[in-house]
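Asker: Below: one structure in structure tokens.
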């Protein structure tokens with residue numbers, strides 16, 4: 001029986017439950033306005049490891065372990081890990097999965113990975129294919145800078161449209177069946193993103209490259225479900241940043257959608273304070289992931305938020321594609337998160 | 001209702017159907033023993049494009065388009081594309097998805113991507129989340145060499161354990177419901193892979209790095225389903241190559257499994273002939289993908305093969321992880337493909 005509604009959205013009639021979540025962040029993130037809400041804060045960029053890459057992996061492992069602890073279950077009770085990250089060949093997720101020993105599907109959606117994993121994961125849980133699975137992602141400022149831009153040691157000046165890659169991770173456990181009966185948050189629908197490219201080619205302007213994908217997915221979701229902004233307490237985007245958020249509002253308005261700006265919460269705009277000198281805000285897989293787990297899910301569980309459209313946005317470029325003159329395609333997947341009475 | 005059987009395997013009670021498939025290959029692959037079976041062969045490494053990366057992407061696009069043609073449907077009728085490749089940030093799949101305009105979930109499983117996409121895709125189809133979706137992957141000798149090893153222009157000598165990255169692509173359309181009623185091949189079960197690392201650190205010995213993951217997944221599948229090699233016409237692995245295939249037999253035997261060697265068909269051992277100087281054989285996402293679509297699926301559709309365990313294997317390293325002294329983790333996902341009477 002088809003669970004599809006409209007062109008791009010699927011209904012999750014079993015309402016898979018969010019059983020637990022955990023967030024990990026770095027020092028700069030702790031210094032931001034949401035610093036007190038992260039579950040774990042690492043002491044410095046290396047977190048006791050020999051390389052930034054190993055440190056990034058440790059963030060993801062910590063988030064997954066803490067998430068399982070919160071759910072009161074062993075890692076061996078988790079049937080699947082859906083995870084990815086920004087590094088070439090997603091080595092953070094792959095090596096973390098080796099150490100965690102959880103069966104692993106690797107994803108790549110750049111900074112959209114948190115909502116990509118929730119989108120696929122909620123379908124797998126709803127379909128009866130997993131009783132307990134974890135969706136997770138991470139990013140690290142020091143690994144992203146040297147892979148995508150330049151070695152930190154160069155001390156390059158940042159352009160006004162630049163964003164600051166969040167050092168952080170988030171992990172969410174989804175469940176179905178008896179395990180999920182008492183979950184206070186559930187996933188109701190999900191909308192799969194299309195890859196959208198309006199021709200932005202500036203690698204230091206990710207917000208502009210990703211905003212069209214966010215606009216496209218929000219518009220598709222609202223059309224498929226016949227909803228408006230009024231039906232949501234918040235529409236949470238991942239890391240559009242200040243410029244990208246402005247462009248999203250403009251693009252949605254052009255599509256004839258009545259945007260309620262006060263409901264648009266962009267994790268990239270929020271995670272750092274204005275005095276932290278991050279220009280357009282935060283970015284990276286860990287931005288949406290850590291903010292979802294530290295700030296959004298607790299409010300959904302407590303009933304302060306009743307229904308949230310969560311969509312992380314990813315820029316699907318590589319340094320190679322940019323050097324070859326390609327513009328930057330974006331993608332955004334959406335999930336509807338709802339409070340559920342106990 | 002849980003569809004799980006055993007620790008790692010899920011049953012697909014709706015038996016999602018394989019509606020169509022298509023393969024694309026390069027000149028060297030055409031010169032191999034299966035050369036006449038590929039749907040499309042590109043005339044040279046660039047296939048009319050400006051870079052090897054753009055050529056790789058064109059292989060994937062061609063495979064997806066040809067697959068939709070074989071199914072008699074438009075690209076706009078395909079609800080999801082599950083795809084990935086070997087390149088950093090999976091730019092082949094991401095940019096192909098931009099051009100194809102199909103809603104896109106990006107995967108990264110290295111050379112395991114064909115079975116990873118079929119594993120996730122068959123669950124999504126079985127669960128009623130998509131009526132028609134395409135699973136696809138590709139690789140290209142020239143892009144992989146310069147990303148993972150050295151520029152081709154260096155003309156480095158290859159070690160005896162080296163494998164040759166296949167220039168090729170494969171695309172498989174999965175369907176459920178009325179669309180799938182007449183499919184001659186269906187997916188019956190799938191087993192999710194664990195990331196396994198026995199400490200191999202030689203980047204020129206991928207077969208040895210991946211064989212333990214293949215052994216682990218085969219053992220898990222046989223235990224979960226209480227099957228033996230006798231229950232399959234073939235057990236098809238992706239690209240273990242000659243050394244990796246030998247190690248797989250040894251590892252399975254150590255686990256107490258009665259291996260029927262004549263049923264072990266490794267695409268990497270098969271795709272090139274002994275005179276083609278590829279040392280241990282073929283590799284790359286496109287190896288298993290193109291051989292599945294050119295050689296295995298037609299036999300399953302015709303009833304010459306009745307039940308096949310298909311598992312592509314991936315090595316989850318990056319040049320960075322190897323330079324940092326890490327060993328090479330492997331992963332393998334399995335799907336059971338069955339002939340269905342018309």
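The values are calculated or read from the model by the stated rules, or taken from the named source; none is laboratory data. Note that the coordinates shown come from a computational prediction; the quantities given were computed from them, not determined experimentally. Quick reminder, even Gly has a Cβ in these numbers, built from the backbone with ideal geometry, and neighbours come from all protein chains shown.
Asker: All but one of (1) more than 14 Å from chain A (Cβ to nearest Cβ); (2) closer than 22 Å to residue B:204 by Cα; (3) surrounded by fewer than 24 Cβ atoms within 10 Å (Cβ to Cβ); (4) at pLDDT 95 or above hold for residue B:339; state the number of the condition that does not hold.
Answerer: If we test residue B:339 against (1) more than 14 Å from chain A (Cβ to nearest Cβ); (2) closer than 22 Å to residue B:204 by Cα; (3) surrounded by fewer than 24 Cβ atoms within 10 Å (Cβ to Cβ); (4) at pLDDT 95 or above, just (2) comes out false.
Asker: From the residues in the range B:73-98 that are over 21 Å from the mean Cα position of the chain (by Cα) and free of Cβ contacts under 8 Å to residues at least 24 places away in the same chain, which one is surrounded by the fewest Cβ atoms within 10 Å (Cβ to Cβ)?
Answerer: Among residues in the range B:73-98 that are over 21 Å from the mean Cα position of the chain (by Cα) and free of Cβ contacts under 8 Å to residues at least 24 places away in the same chain, the one surrounded by the fewest Cβ atoms within 10 Å (Cβ to Cβ) is B:74.
Asker: Also, quick follow-up: Take residue A:251 and tell me if it is in contact with a helix residue (DSSP H, G or I) (Cβ under 9 Å, 6 or more places away or on another chain), surrounded by fewer than 23 Cβ atoms within 10 Å (Cβ to Cβ) and closer than 14 Å to residue A:196 by Cβ. Working first, answer last.
Answerer: Working: in contact with a helix residue (DSSP H, G or I) (Cβ under 9 Å, 6 or more places away or on another chain): yes; surrounded by fewer than 23 Cβ atoms within 10 Å (Cβ to Cβ): yes; closer than 14 Å to residue A:196 by Cβ: yes.
Here the answer is yes, as residue A:251 does meet what is asked.
Asker: Which residue, of B:294, B:289, B:301, is within 29 Å of residue A:98 (Cβ to Cβ) and at pLDDT 95 or above? Give the derivation first.
Answerer: Working: B:294 fails: within 29 Å of residue A:98 (Cβ to Cβ); B:301 fails: within 29 Å of residue A:98 (Cβ to Cβ).
After applying the criteria, what remains is B:289.
Asker: Kindly evaluate residue A:248 against the criterion of being in a helix (DSSP H, G or I), over 19 Å from the mean Cα position of the chain (by Cα) and over 22 Å from residue A:144 (Cα atoms). Outline the logic, then answer.
Answerer: Numbers: in a helix (DSSP H, G or I): yes; over 19 Å from the mean Cα position of the chain (by Cα): no; over 22 Å from residue A:144 (Cα atoms): yes.
Here the answer is no, as residue A:248 does not meet what is asked.
Asker: Might you let me know whether the range A:226-241 holds any residue that is crowded, with 21+ Cβ neighbours inside 10 Å and in a helix (DSSP H, G or I)?
Answerer: yes
Asker: Of the conditions (1) in a helix (DSSP H, G or I); (2) in contact (Cβ under 8 Å) with a residue 60 or more places away in the chain; (3) farther than 18 Å from residue A:124 by Cβ, residue B:134 satisfies every one except a single condition; which number is it?
Answerer: For residue B:134, the failing item is (1).
Asker: Hey, another quick one. With (1) without any contact (Cβ under 8 Å) to a residue 12 or more places away in the chain; (2) facing chain A (nearest Cβ under 7 Å); (3) part of a loop (DSSP other than H, G, I, E, B) as the list, and residue B:128 as the residue in question, which single condition is left unmet?
Answerer: Single failed check for residue B:128: (1).
Asker: Looking at the range A:174-221, which of the residues that are within 13 Å of another protein chain (Cβ to nearest Cβ) and part of a strand (DSSP E or B) is surrounded by the fewest Cβ atoms within 10 Å (Cβ to Cβ)?
Answerer: A:196
Asker: Can you find a residue that is buried (at least 21 other Cβ atoms within 10 Å of the Cβ), over 13 Å from the mean Cα position of the chain (by Cα) and without any contact (Cβ under 8 Å) to a residue 24 or more places away in the chain anywhere in the range B:99-117?
Answerer: yes
Asker: So, one more: What number of residues within the range A:141-173 satisfy the criterion of being in a loop (DSSP other than H, G, I, E, B) and under 21 Å from the mean Cα position of the chain (by Cα)? Even if it seems obvious, please write down each step before you answer.
Answerer: Residues of the range A:141-173 that are in a loop (DSSP other than H, G, I, E, B), as a first pass: A:150-151, A:155-163, A:166-167.
In the following step, the residues that additionally are under 21 Å from the mean Cα position of the chain (by Cα) were identified as A:161-163, A:166-167.
Qualifying residue count for the region: 5.
Asker: Could you check the range B:140-173 and list, in sequence order, the residues that are touching a strand residue (DSSP E or B) at 6+ places or on another chain (Cβ under 6 Å), away from chain A (no Cβ under 13 Å) and farther than 16 Å from residue B:66 by Cβ?
Answerer: Filtering the range B:140-173 for residues touching a strand residue (DSSP E or B) at 6+ places or on another chain (Cβ under 6 Å) gives B:141, B:144, B:163-166, B:168-173.
Pick out the ones that are also away from chain A (no Cβ under 13 Å) and you get B:141, B:163-166, B:168-173.
Within the range B:140-173, B:141, B:163, B:164, B:165, B:166 qualify.
Asker: Surrounded by fewer than 24 Cβ atoms within 10 Å (Cβ to Cβ) and more than 20 Å from residue A:74 (Cβ to Cβ) - does that describe any residue in the range A:126-137? First the steps, then the outcome.
Answerer: Initial filter on the range A:126-137 (surrounded by fewer than 24 Cβ atoms within 10 Å (Cβ to Cβ)): A:128, A:131-132.
Okay, now just the ones that are also more than 20 Å from residue A:74 (Cβ to Cβ), so A:128.
There is at least one residue in the range A:126-137 that is surrounded by fewer than 24 Cβ atoms within 10 Å (Cβ to Cβ) and more than 20 Å from residue A:74 (Cβ to Cβ).
Asker: Follow-up. Out of the residues in the range A:291-315 meeting the condition of being within 14 Å of another protein chain (Cβ to nearest Cβ) and touching a strand residue (DSSP E or B) at 6+ places or on another chain (Cβ under 6 Å), tell me which one is nearest to residue A:5 (Cα to Cα).
Answerer: Among residues in the range A:291-315 that are within 14 Å of another protein chain (Cβ to nearest Cβ) and touching a strand residue (DSSP E or B) at 6+ places or on another chain (Cβ under 6 Å), the one nearest to residue A:5 (Cα to Cα) is A:311.
Asker: Can you pull out the residues in the range A:318-334 that are within 21 Å of residue A:266 (Cα to Cα) and facing chain B (nearest Cβ under 7 Å)? Full working, then the answer.
Answerer: Within the range A:318-334, the first condition is being within 21 Å of residue A:266 (Cα to Cα), and the residues that meet it are A:328-334.
Result: A:329, A:331.
Asker: For the range A:105-123, does any single residue satisfy the condition of being in contact with a helix residue (DSSP H, G or I) (Cβ under 9 Å, 6 or more places away or on another chain) and more than 28 Å from residue B:176 (Cα to Cα)?
Answerer: Yes - at least one qualifying residue is present in the range A:105-123.
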